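The values are calculated or read from the model by the stated rules, or taken from the named source; none is laboratory data. All of these numbers come straight from a predicted model, not from anything done at the bench. Cβ: placed from backbone, ideal geometry, glycine included. Neighbour counts: every protein chain shown.
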Amino acid sequence: MTKVICFANNKGGSGKSTTCASIAYAFSQEGKKVLLIDGDMQLNLTLSYFSEDKALEIASGDRNLYNAIKEQKPLTDYIYQTEYDGVDIVPSSTLMSSVEFELFSKWQREFILRKMLKPVIDSKVYDYVLIDAPPTLGCWVMNILCASDRILLPVEASPWGLFGLANMFEFIGQVQELSPNLELLGVAVTKVDARKNYFKQTMETLKATEGIKVFDSVIHLDSTVEWAQDNSKPVGSYKKTSRSAVEYKALAKEILESY
Ligand SMILES: Nc1ncnc2c1ncn2[C@@H]1O[C@H](COP(=O)(O)OP(=O)(O)OP(=O)(O)O)[C@@H](O)[C@H]1O
Ligand SMILES: [Mg+2]
């Protein structure tokens, strides 16, 4: 059975795209077949696997997520292979900036993505579908959550990183009324600065919050992440011995054990 996990948090820059791209690669290294869906007009997930030229060419063409939504077509027709055996991707488009407008006039507008994804799930080709959400809480992110079985919340180890979580939990609660099978998979703490002890407080606060699982594997700040992104590669492929690559591998194993 194909499992669908989205990476969501309305706090910008919390590590959603980096975590989604890195976990996909780590899953593929564990023998899993993964389909990535880039749900953000910033194209960050697409850029983690494709060069800027290729990402922009796809984004302005007629085979990307925006076209699929506009036409309400099965996502099976919008899948691209990456250079890695176990990782395919539905790339995004900068036109996703008007996705809320596209959805507005559609029937059952919270479930458009779920319907488009169904043929992918029915094909049983993939073990996991991983969806990167933008830092918003509108109808499109509701679509992403309604199409998912589990949510992984990347949280930056900072006071404002924690502050935004209350909104996110409230939003998840609202979506669960529409999609009762949706569950929070867990919180992954990212961008930990080893020089600061605020991280300890972040972990204590999160672990004291009832009803949420906090993954033990945390991701430290590591400049290799940026070099990998500059080279359009997931960090595990760019430098597998780097701190972040090793940490993402551990986080991926923890996720596989729990779901
Ligand atoms: N472990 C890390 N070490 C160093 N830099 C990191 C790390 N993780 C993420 N970053 C950097 O932090 C920034 C935000 O990360 P990312 O884009 O993954 O977050 P996001 O939640 O997807 O952002 P947005 O809300 O804009 O979609 C990026 O510039 C990325 O390169
Ligand atoms: Mg992002």
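Numbers at a glance
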{"read-out": "Pairs with Cβ under 6 Å, 6+ apart, first in the range 134-149 and in contact (Cβ under 8 Å) with a residue 40 or more places away in the chain and within 16 Å of ligand 2 (Cβ to nearest atom), second assigned to a loop (DSSP other than H, G, I, E, B) and small (Gly, Ala, Ser)", "value": "Pro135/Gly12; Val141/Ala133; Ile144/Gly39; Ile144/Ala133"}
{"read-out": "Number of positions in the range 215-227 that are without any contact (Cβ under 8 Å) to a residue 60 or more places away in the chain and either part of a loop (DSSP other than H, G, I, E, B) or crowded, with 20+ Cβ neighbours inside 10 Å (or both)", "value": "5"}
{"read-out": "Tally, over the range 181-203, of residues that are among the charged types (D, E, K, R), more than 16 Å from ligand 1 (Cβ to nearest atom) and either outside any helix (DSSP H, G or I) or modelled with pLDDT of 90 or more (or both)", "value": "1"}
{"read-out": "Exclusive hit being at pLDDT below 95, hydrophobic (A, V, I, L, M, F, W, C) and in contact with a helix residue (DSSP H, G or I) (Cβ under 7 Å, 6 or more places away or on another chain), set Leu130, Leu162, Leu178, Leu145", "value": "Leu162"}
{"read-out": "Exclusive hit being farther than 30 Å from Ala157 by Cα and of a type in the set (A, V, I, L, M), set Ile69, Ile37", "value": "Ile69"}
{"read-out": "Residue check for Asp77: on the phi < 0 side of the Ramachandran plot, more than 16 Å from ligand 1 (Cβ to nearest atom), modelled with pLDDT of 95 or more and part of a helix (DSSP H, G or I)", "value": "yes"}
{"read-out": "Test result for Val175, in contact with a strand residue (DSSP E or B) (Cβ under 6 Å, 6 or more places away or on another chain) and surrounded by 14 or more Cβ atoms within 10 Å (Cβ to Cβ)", "value": "no"}
{"read-out": "Pick from the range 7-28, criterion over 16 Å from His220 (Cα atoms) and polar (S, T, N, Q), ranking: farthest from the chain's Cα centre (by Cα)", "value": "Ser28"}
{"read-out": "Residue ranges of helices (runs of 4 or more DSSP H) in the range 1-73 with at least 2 members β-branched (Val, Ile, Thr) and surrounded by 17 or more Cβ atoms within 10 Å (Cβ to Cβ)", "value": "16-29"}
{"read-out": "Residues located in the range 139-154, provided they are within 14 Å of ligand 1 (Cβ to nearest atom) and within 15 Å of Leu113 (Cβ to Cβ)", "value": "Trp140, Val141, Ile144, Ile151"}
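So that you can scan it fast, the table gives a plain yes or no per residue for (1) under 14 Å from Thr76 (Cβ atoms); (2) among the small types (Gly, Ala, Ser):
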| position | (1), (2) |
| --- | --- |
| Lys106 | no, no |
| Leu113 | yes, no |
| Ser123 | yes, yes |
| Asp132 | no, no |
